[in-house]
Amino acid sequence: MTRRILLVFAALVIIAIGLAFYALQLRRKVARDEQLAAQQQIAIAPPANGPSTPVTLYVASDNNGALTKTEMNAVLPAERSERDRSILRGLLELYLQPQTSHPIGAGADIRDVYVMGDDTAIVDTNSAFADAHPSGVLAEELTVASIVTTLNANDARIAKVKILVNGQERETLAGHADLRRFYLASNVGQATKDVP
Amino acid sequence: MSLFRRTSRRYLVVLAVAAVIATAFVQRHLVVHAQPSEPSQLTVYSPQTTYSVPVLEKNGQPYVGLVELLEPLGTVDARPDGKKYKLRYTPPGGKPREAQFTEGKDKGKLAGNGYKLPGNFILQSGRGYIPLAVVPDVMLRLATLEVEYHPASRRLFAGNPPERFTLELRKDTTSRLFISFPAAVNPSISTEAGHVHFTFRREPVIPAGADSVKFSDPLITGATFSEQAGVAELDVLGTAPLMANFADGGKTIIVAAAPAPPPPVAQAPEPSAQAPSNVPVPAPPPQKPSTPRFLVLIDPAHGGTDVGAAITPSLAEKDIVLALARRVQRELANRGIAASLLRNSDVALSLDQRAVAVNAARPALYVALHAANTGRGVHVFTSLLPAANLSRQDFLPWDTAQSAFIDLSGSVAGSVAAELEARKMPYTTLVAPLRPLNNVAAPAIAIEIAPATDKVEEIASASYEEQVAQSIAAGIAAIRGKLPEVRP
Ligand SMILES: [Zn+2]
């Protein structure tokens, strides 16, 4: 009798450990799925029809703390703020590639770009953009600078840029770069070395 | 039948036990670390500095971190290796001594001799912890400092004995209590009906005589000293409102009757002031003549719950920058430059709190220290100022405090960069929209250290931090003549 109870007890303990392990796996899977889902959301293709236009991206590199001017052609929406948003999403997509020169957090995205008074762009990013952004002065400064410079390069009338997170003002991007201020495109140029 | 019932009851018991075990397992895996309650601290007074070390309850007794304990005093090189933990401590200008312990064991080595701890050594996330009870002994053997320890208040006097103050009641025309200290003090003072209360947070003071003294005096009737939670307090009791004045460059505090409040209607002042009122009069601030001085304020960024960047799972930015800040302070001291730290323990400060504290301290130079895993080498930053031609609604004046100093800040950054260059260290100079740099009304730079090579953990190595600290200090020393001294 006692032996049987012991056996049952041992079996139950094994089941308990198994359950705990399963719970752990579940937790990891949920995290992975969330990441994947977020990445897939980003990979929304721009409209396939319409003329292809040249786009200039200022791509950040962590190793030399510089922005590199990169030209490409893309089909973009006609509406101005939608166009600006598509360009910035293209920039973030580069940063989300595994071999990127400037990694940012998985799931980062641009929710909207609002153009106000012709010369001011409000860039509304999603939570993952800030919450999962690598923390550091250089890392955050390069992200801000590449967004502001890229916007200005493709929409020259944009002189001032403000970055929001999930529709809200934030104190900093990830503990360092000031997000309460408006950035001047002409001013941000001094923040980075421009590598042609 | 009864057998069956007994058996099924046994099964139920077994099932319940298994369920408890299962719950425990699941909780261990699913629950993120529970937040401990507000940690207490050990206050260490050393000849160089006063600092606090967090005291953590582990295995049912108080523990402190070895690195946190020793780092403010000298150079610490700690190397966790599996379950083993080796630490080498070098006092300024002295010979290194080693400690060696093993996770979960109470036997170890201290300065070449076998040593038994009153509890097991704890190694967590690469940090070594020893029981609080052996701290005086460790300070003596490893740091070769004579120590006096007050366990009830967790105050540890290392290197120098506590500073003893005397109380002397003088009865001239009116009674005055003279409190005399061997060195200048700067306690916070509060007054309330018949009390003056002094709180000493940084001073290693204790009374030369008894803790509690009674005077047979109609005005000042007694004084009581107490110490708790790393803080010393002195309460002077009177029969009328009292006030405190500083004399002798802050080495003497004189407690006397507070003057009567001014009458509501203008009258000729009475020649002899009396103090019959019950209205408390706050003590005036210390009256010291302020002479310009050159003070560097070092700000190890982040702290407390704000850990900053996670360089590796066990290396947090907040700890790396605190260690670096202490090194920079020592290197500056070696070059005859006074420096203080905005935080000298693991405390949280908001960006606004930092800016306010920096501007209140009126430093000749502000240096913020950061660490990150982005890029390679040392990043030297000055502030990216908001452009001057923007309208007022875009920027508060608070955000442009740095504007007047940006040229000097640039000179300091250049000087530090030149020293990094001379030491052949990889570096980049940049401009960044970093808070609270813009709010600082003084020359200001920020330094962010990243690993110099692909070996990320070397960011915290003694040799790398030493080279960075030397570059910063040498860069500041070289430009010192161009930076104005500031009246505190
Ligand atoms: Zn930082």
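Entry remark, the stretch B:337-376: residues being more than 15 Å from the ligand (Cβ to nearest atom), within 23 Å of B:Y464 (Cα to Cα), within 14 Å of chain A (Cβ to nearest Cβ) and buried (at least 19 other Cβ atoms within 10 Å of the Cβ) number 0 in total. Could you tell me whether B:I130 is modelled with pLDDT of 90 or more, under 21 Å from B:D77 (Cα atoms) and in contact with a Leu (Cβ under 8 Å, 6 or more places away or on another chain)? Answer is yes for this residue.
So, of the residues in the stretch B:377-386 that are in a loop (DSSP other than H, G, I, E, B) and of a type in the set (A, V, I, L, M, F, W, C), which turns out to be farthest from the ligand (Cβ to nearest atom)? Taking the candidates together, the pick is B:L385. Scoring B:P182 on the criteria (1) assigned to a loop (DSSP other than H, G, I, E, B); (2) in contact with a strand residue (DSSP E or B) (Cβ under 7 Å, 6 or more places away or on another chain); (3) without any contact (Cβ under 8 Å) to a residue 60 or more places away in the chain leaves a single failure, condition (3).
Within the stretch A:174-189, residues that are within 15 Å of A:P134 (Cβ to Cβ) and assigned by TED's automatic domain parsing to the domain that holds A:A108 have Cβ atoms under 6 Å from residues that are assigned to a loop (DSSP other than H, G, I, E, B) and open to solvent by 20 Å² or more (accessible area, probe 1.4 Å) in these pairs: A:A174/A:S135; A:G175/A:S135, counting only partners at least 6 apart in sequence or on another chain.
When B:S463 is tested against (1) farther than 28 Å from A:N187 by Cβ; (2) in contact (Cβ under 8 Å) with a residue 24 or more places away in the chain; (3) more than 14 Å from chain A (Cβ to nearest Cβ); (4) away from the ligand (no atom under 16 Å from the Cβ), exactly one condition is not met: (2).
The criterion of at least 2 residues that are buried (at least 16 other Cβ atoms within 10 Å of the Cβ) and of a type outside the set (F, W, Y) is met by the following strands (runs of 3 or more DSSP E) wholly inside the stretch B:63-151: B:75-81, B:84-90, B:97-102, B:107-110, B:122-124, B:127-131, B:147-150.
Scan the stretch B:303-324 and give yes if some residue there is within 16 Å of the ligand (Cβ to nearest atom), part of a loop (DSSP other than H, G, I, E, B) and in contact with a Lys or Arg (Cβ under 7 Å, 6 or more places away or on another chain), otherwise no.
Of the residues in the stretch B:303-324, the ones within 16 Å of the ligand (Cβ to nearest atom) are B:303-312, B:315-324.
So of that shortlist, the ones also part of a loop (DSSP other than H, G, I, E, B) come out as B:304-305, B:307-309.
Narrowing the set further to residues that are in contact with a Lys or Arg (Cβ under 7 Å, 6 or more places away or on another chain) leaves B:307-308.
So far as the stretch B:303-324 goes, yes, one or more of its residues are within 16 Å of the ligand (Cβ to nearest atom), part of a loop (DSSP other than H, G, I, E, B) and in contact with a Lys or Arg (Cβ under 7 Å, 6 or more places away or on another chain).
Contact map, the stretch B:366-378: residues that are over 18 Å from A:T143 (Cα atoms) and at pLDDT below 95 paired with residues that are of a type in the set (A, V, I, L, M, F, W, C) and more than 8 Å from the ligand (Cβ to nearest atom), Cβ distance under 9 Å, separation 6+ or inter-chain. Pairs shown: B:G377/B:L420; B:G377/B:M425; B:G377/B:I449; B:G377/B:A450; B:G377/B:A452. Which of the residues that make up the stretch A:54-112 are under 21 Å from A:I122 (Cα atoms), among the hydroxyl-bearing types (S, T, Y) and within 14 Å of chain B (Cβ to nearest Cβ)? Of everything in the stretch A:54-112, just one residue is under 21 Å from A:I122 (Cα atoms), among the hydroxyl-bearing types (S, T, Y) and within 14 Å of chain B (Cβ to nearest Cβ), namely A:Y95.
If only residues of the stretch B:416-438 that are more than 10 Å from every other protein chain (Cβ to nearest Cβ) and open to solvent by less than 20 Å² (accessible area, probe 1.4 Å) are counted, the one that is nearest to B:Y366 (Cα to Cα) is B:V416. B:V328 passes every criterion in (1) more than 14 Å from the ligand (Cβ to nearest atom); (2) open to solvent by 10 Å² or more (accessible area, probe 1.4 Å) apart from (2).
Tell me, which strands (runs of 3 or more DSSP E) lie completely within the stretch A:96-183 with 3 or more residues that are surrounded by 18 or more Cβ atoms within 10 Å (Cβ to Cβ) and within 16 Å of the ligand (Cβ to nearest atom)? I'd like the intermediate steps shown before the answer.
Details: elements: A:110-116, A:120-125, A:160-165.
Result: empty, no element qualifies.
Can you tell me which of B:S125, B:S175 is modelled with pLDDT under 85 and in contact with a Pro (Cβ under 8 Å, 6 or more places away or on another chain)? Walk me through it before giving the result.
Numbers: B:S175 fails: modelled with pLDDT under 85.
Every option except B:S125 fails the conditions.
Quick check on B:I445: is it within 16 Å of the ligand (Cβ to nearest atom) and outside any helix (DSSP H, G or I)? Can you show your working first?
Numbers: within 16 Å of the ligand (Cβ to nearest atom): yes; outside any helix (DSSP H, G or I): yes.
For B:I445, the condition - within 16 Å of the ligand (Cβ to nearest atom) and outside any helix (DSSP H, G or I) - is met.
The values are calculated or read from the model by the stated rules, or taken from the named source; none is laboratory data. Since the model is a prediction, treat every value here as computed from it, not as a measurement. Here the Cβ is made from the backbone with ideal geometry for all residues, glycine too, and neighbour counts use every protein chain on show. Ligands, DNA and RNA are excluded from the accessible area calculation, which covers all protein heavy atoms including side chains. Shrake-Rupley method; radii C 1.70, N 1.55, O 1.52, S 1.80 Å.
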